[in-house]
1. So what is Rg over Rh here for the range 112-222, counting just Cα atoms and using Kirkwood for Rh?
2. Which net charge results for the neighbourhood of GLU66, defined as the other residues with beta-carbon distances under 11 angstrom from its beta-carbon, given Lys and Arg at +1 and Asp and Glu at -1?
3. On each of the three principal axes of the Cα atoms of the range 151-211, give max minus min coordinate, whole Å, ordered largest first.
4. Are there any chymotrypsin sites (Phe, Trp or Tyr not before Pro) in the range 34-135 that are in a DSSP loop and have at most 13 other Cβ atoms within 10 Å? List them by number.
5. What ³J(HN,Hα) values, in whole Hz, does the Karplus curve 6.51 cos²θ - 1.76 cosθ + 1.60 give for the range 86-97 when θ = phi - 60°, with x put for Gly and Pro?
6. Working from Cα positions, state the angle (0 to 90°, nearest 10) between the long axis of helix 2-23 and the longest principal axis of the chain.
7. Tally the DSSP beta bridges in the range 112-222 and give the antiparallel ones as a percent, rounded to 5.
8. Pairing the Cα long axis of helix 182-191 with the longest principal axis of the chain, what angle in degrees results, from 0 to 90 and rounded to the nearest 10?
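Any read-out appearing in this document is the output of simple, stated calculations on the displayed coordinates, not a laboratory observation. All values derive from a computational prediction rather than experimental measurement. No Cβ is skipped: glycine too gets one built from the backbone with ideal geometry, and neighbour counts run over all protein chains shown.
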Amino acid sequence: MKKMFAVLLALCLMVSMTAIASADVFRVGVKQDVYGFGYLDEMTGEYTGMEIDLANLLADALGYDEVEFTTVTAATRGQMLDNDELDAVIATFTIKPERKESWDFSSPYYVDAVTVLVENASGIVDLAGLKDKVVGVSTGSTSAKALATAMADAGVIDAFDADAFAIATFNAGVSFKEFDDYPAISLALDAGDVDAFCVDKSILANYKTADRDFIDASFSPQDYGVATKKGSELSGKVEALIVQWLEDGTIDGLVETWGL
C-alpha cells in the first residue's frame, strides 16, 4: 500500500508540474502565409513577421517563458480560442462588432483595407468589372460581404440586405467561392476557377505578380486586434500593453521594420 501511495503521489506531482509548465507557454495562433505579418519558413520551421514579433513582446511582458506558435486560418482561429487550444490569436484578425460578441479584442495594432487582385489579362480594373464575376475568398472571412457592399454602394449591383448576406448563396450581380487558405485562392485564380481574389490588401500583396494587379478601389477599413477568450484575465493585460506600445511608438517600430 505504501508503494502504491508513493507511486500515486509521484504521478500527481508530475501532473502538477506539467500543468505549471504548460502555463508558462504563451500559445498563439498566427498566419503562416502572410509575409510581413505571419510567415512560416518550411525549411527552418521558423515563423517571422510583425505579428510574430508582437507575440514575442507580449510573452516577455506577461512573464511567459516561451511562445508556442500554431498556424490558424480564418475558419479555425476562433474555434481554437473557444476550445482553449490557444491563449491568443494574432493573425490579421479583423475587429468586427459581431466578433466582439464571441471574443475579446485589443485596440487595433494595424489598420488595412480590403481590395481585389485580378489577372491583368482579365481586363478587370475596377468594381464595375467584377459584375457577374466569381470572386475567391477565404472561408470565415468578411471580405465577400465587404466587396458586395462596396459594389452596391457604387451602384454596380442592387442594394441587398446585409444582415441576411450569405456567401454560399449570394449571386445578385457577383458570386463567391470559398477556400481554406490564401494559396488555394491564388491557384484558383491562376487556373481560371475564379475571376478575382478578395481580401485585405496587405495579404494580397503576397500574391501580386507582374501579371496581376489590384483593382482601382479599396474599401471596408480593417482593424487588426489581438483576440483572446471572452472575459479572460489575459484580455485586460494584453489591452494595456497594446495601448502602451501604440503610445510609445513600439508598434510603429514593428510596422516600419516590416515595411508595412
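1. 0.92
2. On the way: positive: ARG27; negative: ASP24, ASP60, ASP65, GLU68.
Cβ neighbours under 11 Å give a net charge of -3.
3. 35, 22, 20
4. Values: sites: TYR35, PHE37, TYR39, TYR47, TYR64, PHE69, PHE93, TRP103, PHE105, TYR109, TYR110; in loops: TYR35, PHE37, TYR64, PHE93, TYR109.
Filter output for the range 34-135: empty list.
5. 9, 8, 7, 10, 10, 8, 6, 8, 6, 7, 10, x
6. 40
7. 60
8. Approximately 30 degrees, to the nearest ten.
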